[in-house]
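Every number in this text was worked out from the coordinates using simple rules, so none of it is lab data. In this text, all values refer to a predicted model and were calculated from it rather than measured experimentally. Quick reminder, even Gly has a Cβ in these numbers, built from the backbone with ideal geometry, and neighbours come from all protein chains shown.
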Amino acid sequence: MIPKRVKATPADLILLGGIGTVGTWLLYQAFLSADYHWNWQAMPQYLLRFDAQSGHWVPGLILQGLLVTLRLSVWAMLLALVMGALMGLLRTSCSRYWRMIGGGYVALIRNIPVLVWIFIFYYFIGDRLLPALGISTGNMRPDMPMAGALRLFVAAPSRAPVFISGVLALAAYEGAYITEIIRAGIQSIDKGQWEASAGLGFSRGQQLRYIIFPQALRRIMPPLAGQFISTIKDSAIVSVISIQELTFQGTELMAATFLTFEVWFTILVIYFVICLACALLVEHIERRLKRPSRAH
């Protein structure tokens, strides 16, 4: 079915004109009226710079922070998917005991401010959990085995413990929201699907694996992808525990150079481009999922 074209009304044009006027005025105030000397020519070196010693172009401080943000977001989302899938299954379990555990996890995380949660996890949970797992600053040395892979996929060995702590804290926080996405997806499947599969002799595990979850996956994929975008933005909060991601590098660079507006506008554009690219990818996935499959 071809969607109908929506025509712009006079009210829409007036609204767009008002938004354009306000935006133009804000840009005028920022770039012309404000008593601020812009220095954009200083910014490229903080994205890419030429290292005379190695003879190669190397990432600047902002690009280094971006790479840390992407690593942090990817690892946190992968762990959050595991936590969310497990707790989502508990939330839809037939056992009241398991439902209480899943519900308690969601209620605890979702009703704590994320900043408070990061501090609690870093100083009270991660500070005890990571050394018990053998992950500490004393054990992470530059000459340790797999140091190169650790530096590439996680962080420098000396920074790995705080990075892992930030990943776990962020994953636990995002996992609570993924739990509810998966719970809602499973419960959105008609009860007749459960009854029909039970009548065929399927166990509950087989029902979830072969009947329910494949149908729920089509419904939960778009919100899961949207949650990944939120994870990228929420990753900025771990700058408070000195993880050198994009926001942390922006704060340090602003304090050192006093290029306040240039630094934060650059970081704003970077976040916008990344999140917009993910949003367009989500939109493409939604169209693919809504497209009827062709019979072969």
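Net charge near V106: determine it from the other residues with C-beta under 13 Å of the C-beta of V106, scoring Lys and Arg +1 and Asp and Glu -1.
Summing Lys and Arg as +1 and Asp and Glu as -1 gives +2.
Order the peptides 59-65, 177-183 from the highest to the lowest mean number of other Cβ atoms within 10 Å of their residues.
Sorting 59-65, 177-183 by mean packing, highest first, produces 177-183, 59-65.
The list (i) 50, 43, 40; (ii) 73, 67, 43; (iii) 73, 51, 30 gives values of Cα extents along the principal axes in Å, and only one came from this structure; which label was calculated from it?
Label of the calculated value: (ii).
List the chymotrypsin sites (Phe, Trp or Tyr not before Pro) within the stretch 19-110 that fall in a DSSP loop (any state other than H, G, I, E or B) and whose Cβ has at most 14 other Cβ atoms within 10 Å.
Sparse-neighbourhood loop chymotrypsin sites (Phe, Trp or Tyr not before Pro): Y36, W38.
Loop-only trypsin sites (Lys or Arg not before Pro) in the stretch 193-229, please: DSSP not H, G, I, E or B, and at most 12 other Cβ atoms within 10 Å.
Hits after loop and neighbour filter: nothing returned.
Using +1 at the C-beta of Lys and Arg and -1 at the C-beta of Asp and Glu, which of G104, Q215, V162 has the Cα lying farthest in the positive direction of the dipole of the stretch 53-290?
Q215
Give the residue list of trypsin sites (Lys or Arg not before Pro) in the stretch 220-296 that are DSSP loop and have at most 12 other beta-carbon atoms within 10 angstrom.
Qualifying residues, ordered by number: R294.
For the stretch 53-290, what is the charge dipole size about the Cα centre, in debye to the nearest 20, if Lys and Arg each add +1 at the Cβ and Asp and Glu each add -1 at the Cβ?
Around 840 debye, computed over the stretch 53-290.
If you rank M146, M221 by fewest surrounding Cβ atoms within 10 Å, what's the result?
M146, M221
Around M43, with a cut-off of 14 angstrom between Cβ atoms, what is the net charge of the other residues, counting Lys and Arg +1 and Asp and Glu -1?
0
What helices does the chain have that are whole DSSP H segments, at least 30 Å long along their own axis by Cα, and with mean Kyte-Doolittle hydropathy of -1.0 or more?
Membrane-span-like by this criterion, though nothing is claimed about a membrane: 61-91, 160-187, 260-290.
Hey, what did the stretch 53-290 get for relative contact order, percent, Cα under 8 Å, at least 6 apart?
This gives 30 percent for the stretch 53-290.
Could you put E262, E283, E252, E245 in order, starting from the residue whose Cβ has the fewest other Cβ atoms within 10 Å?
Ranked by crowding around the Cβ, least crowded first: E283, E252, E262, E245.
Build a GNM of the chain with springs between Cα atoms under 10 Å: which of M87, M254, M77 gets the top mean-square fluctuation?
Evaluated over the chain, the most mobile residue of the options is M254.
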